[in-house]
1. Given 180, 170, which one is crowded, with 20+ Cβ neighbours inside 10 Å, part of a loop (DSSP other than H, G, I, E, B), of a type outside the set (Phe, Trp, Tyr) and in contact (Cβ under 8 Å) with a residue 12 or more places away in the chain?
2. Does residue 199 satisfy the criteria of being surrounded by fewer than 21 Cβ atoms within 10 Å (Cβ to Cβ), touching a Ser or Thr at 6+ places or on another chain (Cβ under 7 Å) and within 24 Å of residue 127 (Cα to Cα)?
3. Look at the range 244-259 and say how many of its residues are modelled with pLDDT of 95 or more and either buried (at least 18 other Cβ atoms within 10 Å of the Cβ) or in contact with a helix residue (DSSP H, G or I) (Cβ under 6 Å, 6 or more places away or on another chain) (or both).
4. Out of the residues in the range 45-75 that are part of a strand (DSSP E or B) and of a type in the set (S, T, N, Q), state the one that is surrounded by the most Cβ atoms within 10 Å (Cβ to Cβ).
5. Please work out which one of (1) modelled with pLDDT of 95 or more; (2) β-branched (Val, Ile, Thr); (3) over 25 Å from residue 291 (Cα atoms); (4) out of contact with any Gly (no Cβ under 6 Å at 6 or more places or on another chain) is the condition residue 182 fails and give its number.
6. Tell me, which strands (runs of 3 or more DSSP E) lie completely within the range 187-258 with 3 or more residues that are in contact (Cβ under 8 Å) with a residue 40 or more places away in the chain and over 23 Å from residue 278 (Cα atoms)?
7. Return the residue satisfying two criteria in turn: it lies in the range 128-148 and is among the small types (Gly, Ala, Ser) and not in a strand (DSSP E or B), and of such residues it is nearest to the chain's Cα centre (by Cα).
8. Evaluate the range 111-124: report whether one residue or more is under 30 Å from residue 78 (Cβ atoms), among the polar types (S, T, N, Q) and surrounded by 15 or more Cβ atoms within 10 Å (Cβ to Cβ).
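The values are calculated or read from the model by the stated rules, or taken from the named source; none is laboratory data. These numbers were taken from a predicted model, which means no experiment stands behind them. Glycine gets a Cβ as well: all are built from the backbone with ideal geometry, and neighbour counts include every protein chain shown.
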Amino acid sequence: MRKTTLTKKLACIASAIAVSALVLGGCGSQPQSQAPTQDAEKKVLRVGMECAYAPFNWTQDAATTPDGTAAVKIYGSDFYAYGYDVAVAQKIADQLGYDLEVHKVEWSSIGISMDAKDYDCIIAGMGRTAERELAYSFTDPYYYRDNCIVVKKGGSYENVKGLSELKGTGCKLTTQLGTGWIPLLDQVDGAVTGTNYETTSECFMAIMNDVADVCIVDLPTAKSAQLTNDGLVIIELDPNDSFTGDDEMVNVCIATRKDDTALRDTIQNAMNAIGWNEKSKMDELMNRVLTQQPAAN
């Protein structure tokens with residue numbers, strides 16, 4: 001009887017030791033399970049632009065340009081955006097390791113929408129002016145452009161070389177609303193300020209339809225329009241007989257909200273890292289982009 005009881009006790013002790021060894025062995029030989037860690041969500045560079053201001057930015061159906069360059073899907077749309085602004089934005093996003101998100105917006109509300117935080121910066125061929133610096137923070141220029149005038153081929157102003165030749169002619173002027181070209185209209189003595197338009201495309205259409213005689217605009221935009229409309233003539237005015245005080249429109253910069261200097265500096269550092277302060281690089285990209293725009297733009 002006692003022997004049987006002792007045997008049972010020994011068996012119980014052995015079983016307990018075995019279980020303890022199994023538990024301890026498991027803890028020592030296998031790592032404890034951990035919840036899987038997830039990579040931090042990739043940051044996004046959210047950019048506002050017209051997507052209707054070739055060659056700086058435009059809308060297209062195809063996902064690539066004629067030379068095979070990837071366009072960028074327009075946020076909330078089935079269309080794509082490309083142009084100089086998109087190409088520069090992509091370079092900056094790649095340098096930062098961000099995704100690029102392009103938001104299409106009317107020029108007249110481009111600042112309002114940024115302030116509403118629909119996107120975080122404007123890369124849209126925007127000239128840095130003293131007035132705009134009161135409302136936005138700006139990077140250094142990412143493009144330098146010249147101004148010009150555009151007239152109709154075969155029209156009365158086709159051979160104009162300087163502003164003095166427009167004096168007293170009563171020519172009808174136009175330009176894009178909300179731009180730094182508006183103040184230049186008053187410099188054409190004796191001209192008639194006609195209707196200004198939401199887009200440069202409408203300005204050029206006004207020239208072709210004789211609604212306006214002279215459009216004040218930047219040279220790349222004029223060249224872009226001339227590629228698809230040979231009825232337009234570009235006049236680069238004599239430097240000694242041209243606009244004054246138009247230097248502000250030469251500097252095309254990236255804008256952030258006034259208080260978002262951190263993002264402005266982040267973008268500026270990326271521009272510095274890729275050397276985007278060399279005019280030769282800017283001109284090379286612009287010349288390539290001009291060959292990629294769809295005919296409709």
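1. The match here is 180.
2. No: the conditions fail for residue 199.
3. 6
4. Per the criteria, the residue is 57.
5. (1)
6. The strands (runs of 3 or more DSSP E) meeting that bar are 214-218, 232-235.
7. 135
8. Looking through the range 111-124, at least one residue is under 30 Å from residue 78 (Cβ atoms), among the polar types (S, T, N, Q) and surrounded by 15 or more Cβ atoms within 10 Å (Cβ to Cβ).
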